[in-house]
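Chemist: First the structure, then my questions, so here it is.
Values quoted throughout were computed directly from the atomic coordinates according to the rules given, and no laboratory measurement underlies them. Note that the structure is a prediction, hence the values are computed from the model and not measured. All Cβ positions, glycine included, derive from the backbone under ideal geometry; neighbour counts span all protein chains shown.
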Amino acid sequence: MSSDRIEKVSIVISKGSLEGVYPGLIMANGARMEGIDVNLFFTFFGLDAVITKRMDKLKVATVGNPAMHIPTMVGGLPGMSAMATKMMMKEMDKLDIPPVSEFIEMIHDTGAGLYACKATVDMFHLKKEDFCEHMDDIITVGDFYEMSHGGQIIFT
Amino acid sequence: MAEATLAGVTVERDDEGFFKNPDDWKEEMAPELAKEIGIDPLTEEHWKVIRFMREDYKVKGQVPSIRRMKNEGGISTKDLYNLFPKGPAKKAAYIAGLGKPHGCI
């Protein structure tokens, strides 16, 4: 292994749709599998991924997403988002990609740090009790930069 | 690293040291393989992982994911990372004489 390999990453998850959350989680888990240190920082709607009541209810956005390849008006019909979500979850399960709550627990167990953004927590009037037990702490953006020292930062 | 002699048997391995043919693997080779990647000694806990991987590979034809090892093999993710630090899936597959894992999870 060469010395110029990545040693540490801090991944920011800022979106709360299913397709907004999973890439960051997969990258975090994949980094730990390679022996890379990981901090995960959830901000704005990305916080839904660590809010107990919401984490397993994330949905795929079927409107405003041209890559879905369905007309916007059709994407907006009742049940479209739920259906697309169900289909995607089924495909992900085939690849052994777990539901969000299980994935968060797994990533926590790999030794990665999971943090919520204080500004968003205050803005949405959230409390520590709203978060799953695997969320380590609520931190400021300054704390985040301190923690990220010496590593790469990935924003999703 | 094309060919290597392990436990007195010549086996084919890829550039990174993974076995090309998992059938070449024998239990006696595991401690030597573990030593190559800095795991010494190989404990009963390590063996639990290696045995599950070998058995699952036999049935499924692919190296089990970390999730599978947790849900099907009863090996917690925490334990796995403690036993095989800095890359558990790859390290365990290396010692178990399986090919390099291809999954992302």
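Chemist: Under the definition of partner shielding as Cβ atoms of other protein chains within 10 Å of a residue Cβ, what is the mean value for peptide A:87-98?
Modeler: Rounded to a whole number, the mean comes out at 2.
Chemist: For the stretch A:1-82, calculate the relative contact order in percent as a whole number, restricting contacts to Cα pairs under 8 Å that are 6 or more residues apart. Mind dumping the intermediate values first?
Modeler: Values: 105 pairs, mean separation 23.4, N = 82.
Relative contact order, the stretch A:1-82: 29 percent.
Chemist: Also, I was wondering about something else. Nearest 5 percent is fine: what portion of the DSSP beta bridges confined to the protein assembly as shown is antiparallel?
Modeler: Details: 6 of 23 bridges.
Counting DSSP beta bridges with both partners in the protein assembly as shown, the antiparallel share is about 25 percent.
Chemist: Let me spell out the model: positive unit charges on the Cβ of Lys and Arg, negative unit charges on the Cβ of Asp and Glu, origin at the Cα centre of chain A. What dipole size does that give, in debye rounded to 20? Before the final figure, lay out the partial values.
Modeler: On the way: 14 positive and 21 negative charges, 130 e Å.
Roughly 620 debye, rounded to the nearest 20.
Chemist: Over the stretch A:8-155, what relative contact order in percent results from Cα pairs under 8 Å that are six or more residues apart?
Modeler: Across the stretch A:8-155, relative contact order equals 32 percent.
Chemist: Quick one: A:Asp143, B:Asp14, B:Asp56, fewest Cβ neighbours within 10 Å first, how do they rank?
Modeler: Numbers: A:Asp143 15, B:Asp14 12, B:Asp56 20.
Least crowded to most crowded, the residues run B:Asp14, A:Asp143, B:Asp56.
Chemist: Still on this structure: What residue among A:Ala61, A:Ser17, A:Gly111 has its Cα farthest toward the positive end of the dipole of the stretch A:8-155, where the charges are +1 on Lys, Arg and -1 on Asp, Glu, each on the Cβ?
Modeler: Of the listed residues, the answer is A:Ala61.
Chemist: Counting Lys and Arg as +1 and Asp and Glu as -1, each charge on the Cβ, what is the dipole of the protein assembly as shown about the Cα centre in debye, to the nearest 20?
Modeler: The calculation lands at about 860 debye.
Chemist: So, one more: With the Cα gyration tensor of the stretch A:8-155 in hand, convert its eigenvalues to equivalent ellipsoid semi-axes via √(5λ) and list them largest first in whole Å.
Modeler: In descending order, the three semi-axes are 27, 18, 14 Å.
Chemist: Based on the mean of other beta carbon atoms within 10 Å per residue, what is the order of A:93-106, A:41-54, A:116-129, most packed first?
Modeler: A:41-54, A:93-106, A:116-129
Chemist: Output ³J(HN,Hα) for the stretch A:58-74: one whole-Hz value per residue in order, computed from phi by the Karplus curve 6.51 cos²θ - 1.76 cosθ + 1.60 with θ = phi - 60°, and x for Gly and Pro.
Modeler: Karplus values, whole Hz, x for Gly and Pro: 5, 10, 6, 7, 9, 10, x, 10, x, 6, 6, 6, 10, x, 3, 5, 5.
Chemist: In straight Cα distance, which lysines are under 29 Å from B:Lys26, not counting same-chain residues fewer than 8 positions off?
Modeler: Cα-Cα hits under 29 Å: B:Lys35, B:Lys48, B:Lys58, B:Lys60, B:Lys70, B:Lys78, B:Lys86, B:Lys90, B:Lys91, B:Lys100.
Chemist: Across peptide B:60-72, what mean number of C-beta atoms from other chains lies inside 10 Å of a residue's C-beta?
Modeler: Per residue, the number of nearby Cβ atoms from other chains is 2 on average.
Chemist: Count, for each residue of A:31-39, the Cβ atoms from other chains sitting within 10 Å of its Cβ, then give me the mean as a whole number.
Modeler: Neighbouring Cβ atoms belonging to other protein chains average 4 per residue here.
Chemist: Fewest to most neighbouring Cβ within 10 Å: what's the order for B:Glu3, B:Glu72? Before the final figure, lay out each step's value.
Modeler: Numbers: B:Glu3 9, B:Glu72 14.
Least crowded to most crowded, the residues run B:Glu3, B:Glu72.
Chemist: Count charges around A:Leu40 for me, please; just the other residues with Cβ under 14 Å from its Cβ, Lys/Arg as +1, Asp/Glu as -1.
Modeler: Charge balance near A:Leu40 sits at -4.
Chemist: So, one more: With the cut-off at 1.5 for a/c, could you classify the stretch A:4-67 from its C-alpha gyration tensor as rounded, prolate or oblate?
Modeler: Prolate, because a/c is 1.5 or more and a/b exceeds b/c.
Chemist: Let me ask you something else. What are the ³J(HN,Hα) values, in whole Hz, obtained from phi via the Karplus relation 6.51 cos²θ - 1.76 cosθ + 1.60 with θ = phi - 60°, for each residue of the stretch A:124-134 in sequence order, with x given for Gly and Pro?
Modeler: Karplus-based 3J(HN,Hα) across the stretch A:124-134 equals 8, 6, 8, 10, 3, 5, 6, 9, 5, 5, 8 Hz.
Chemist: Give the lysines reachable from A:Lys127 as a straight Cα distance under 18 Å; neighbours fewer than 8 places away on the same chain don't count.
Modeler: Partners found: A:Lys53, A:Lys118.
Chemist: Provide the percentage of antiparallel DSSP beta bridges, counting only those with both residues in the stretch A:8-155; round to the nearest 5.
Modeler: Given both bridge residues lie in the stretch A:8-155, the antiparallel proportion sits at roughly 5 percent.
Chemist: While we're looking at this one, here's another question. Considering the options A:Met80, A:Ile36, B:Trp47, tell which one lies farthest towards the positive end of the dipole of the protein assembly as shown, charges being +1 on Lys and Arg and -1 on Asp and Glu at the Cβ, about the Cα centre.
Modeler: The residue sitting farthest along the positive end of the dipole is A:Met80.
Chemist: By its C-alpha gyration tensor, with a ≥ b ≥ c as the square roots of the eigenvalues, how is the protein assembly as shown shaped: rounded for a/c under 1.5, else prolate for a/b larger than b/c, else oblate?
Modeler: The shape class here is prolate.
Chemist: If the cut-off is a Cα-Cα distance under 17 Å, which lysines reach A:Lys86, setting aside same-chain residues fewer than 8 apart in sequence?
Modeler: Excluding near neighbours in sequence, the set is A:Lys57, A:Lys59, A:Lys94.
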